[in-house]
Amino acid sequence: MSDSLKKRYGFWTAVAMVVGIVIGSGVFFKAEKVIQATAGNMYMGVFSWIASGSIIVICAYAFSILAGRYSKINGIVDYSEASIGKTYSYIVGWFMSVVYYPSLTAILCWISARYTLTLFGINVDANSMEVYLIALGYLVIMYFLNIFAPLLAGKIQVSTTFIKLIPLVLMGIVGIIKGVSSGQTIQNFVNTSTDIVTSNPLLTSIVATAFAYEGWIVATTINSELKDPRKNLPKSLIIGSIFIVIIYLLYFIGISGSMSVDEFIHAGEDSIKIAFFNVLGNFGGSTLFIFVIISCLGTLNGMMLATVRGIYSLAVRGMGPRPSFFSKVSEKNKVPINSGLFAVSMILLWLLMWYLSNAGFFGMFLDFSELPVISMYALYIPIFFWMSIKLKDLNLFNRYVIPYAAILCSLFMIYATFVSHGIKAVAVYFVLFICVIVIGLIFKNDRKEESL
């Protein structure tokens, strides 16, 4: 085995990764929470999607500046090393490899399984063994696909990107037309539910939508496998992010025409399926809901693509546990098999953590679909500061306005997390975060990297 990756992906694959990883389960999964958290206040819901969308566009623009300068193995790890240093880049890379990638991938397996059962009308508890068995099945399929057929995985990423747009665009257009003609859309924008679900509806919904938008940074993990990454990656980050915001707004307004606010809130986990059936009929709703599941699986495929490369990006720098072992890639497919095995073990661990959290094992619900995402915003802040101080050749807008706007956005997301999740839950998660970092530093190696 060697330790270099093949440049196999072009510009449209990069755009497909940004759009394909972000658009998927989150927009369906969190649209429910936004409506419930805001008690059906559609104006507040729309503002939440715009606010979170603006944050990712600003942060993506900031990283696009760095993407035009640095291209090694793993985008965000490269930027951390170039700005703060090797130790900080190791902390970022370790956190992403052990927590961020695998936790989100695990939850995507769970969401895909949950919607699969919903499609077939199998009513079981969301935390039941049936859901987790199907989730494990999806995990195995996606692992083997990305390890033994990486080119096929890349093609699937592009094709599922277009497929997953179908239910969003159709629901957006048809839902708006039907909702406006029936008066349901106008009624939902005028009326709210009498149920008060949360005391901080706006911040709770903004944090929720952060998960739906998350994934854009994952596209930077394949910068060493991109053709002309310094040109293609910045463009794909910006174009992809703006496109996503537009699609999400179209979809969210579209589902407002499917049923009343109270019906949406009380439908619970079946709300998205019911919305599709109400707008498109039984056959159309069933067909489009299949596309919803394909959408989730496309997102899962993209996250798996990044997850299997997580520990590899550290090992190839001579860092982390057993660098010589985890830096190897297969001769045939040029993919990091050993890193992939580590990734699967972490995904299984986070599937267990998600189950325990939903079962009340921790004495509270720790939302691992949101907390790791906000952790990344905290880790971005030092990089943004460095940009404004060290990149003196940039123009005024790129050197000061964008980095400081990105810092403010990141601080806002951290504050919103404290308010929406509560200090106790965040404190418990913070202890977990520190433990992960300490364990990572124990395994840190200082061997000089051999080759990039």
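Numerical summary
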item: Residue list for the range 407-418, filter: more than 15 Å from Ser375 (Cβ to Cβ) and either modelled with pLDDT under 85 or surrounded by fewer than 15 Cβ atoms within 10 Å (Cβ to Cβ) (or both); result: Leu408
item: Among the candidates Tyr429, Tyr404, Tyr355, residue that is surrounded by 15 or more Cβ atoms within 10 Å (Cβ to Cβ), of a type in the set (Ser, Thr, Tyr) and closer than 26 Å to Tyr70 by Cβ; result: Tyr404
item: Search result, residues across the range 321-339 that are free of Cβ contacts under 8 Å to residues at least 24 places away in the same chain and among the small types (Gly, Ala, Ser); result: Ser324
item: Residues satisfying the stated conditions in the range 248-281, i.e. surrounded by fewer than 19 Cβ atoms within 10 Å (Cβ to Cβ) and either among the small types (Gly, Ala, Ser) or within 14 Å of Gly53 (Cβ to Cβ) (or both); result: Leu249, Leu250, Ser260, Ala267, Gly268, Gly281
item: Odd one out for Ser112 among (1) touching a residue at least 60 places away in the same chain (Cβ under 8 Å); (2) surrounded by fewer than 23 Cβ atoms within 10 Å (Cβ to Cβ); result: (2)
item: Any chance Ser313 is over 16 Å from the mean Cα position of the chain (by Cα), modelled with pLDDT under 85 and polar (S, T, N, Q); result: yes
item: Ile294 at pLDDT 85 or above, surrounded by fewer than 21 Cβ atoms within 10 Å (Cβ to Cβ) and either farther than 19 Å from Ser345 by Cβ or under 25 Å from the mean Cα position of the chain (by Cα) (or both); result: yes
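Rundown of residues vs (1) β-branched (Val, Ile, Thr); (2) modelled with pLDDT under 80, yes/no style:
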| site | (1), (2) |
| --- | --- |
| Gly240 | no, no |
| Ile253 | yes, no |
| Glu269 | no, yes |
| Leu305 | no, no |
| Val308 | yes, no |
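The values are calculated or read from the model by the stated rules, or taken from the named source; none is laboratory data. What you see is a predicted model; the values in this text were computed from it and never measured. Neighbour counts are summed over all protein chains in view; Cβ atoms, including those assigned to glycine, are modelled from backbone coordinates with ideal geometry.
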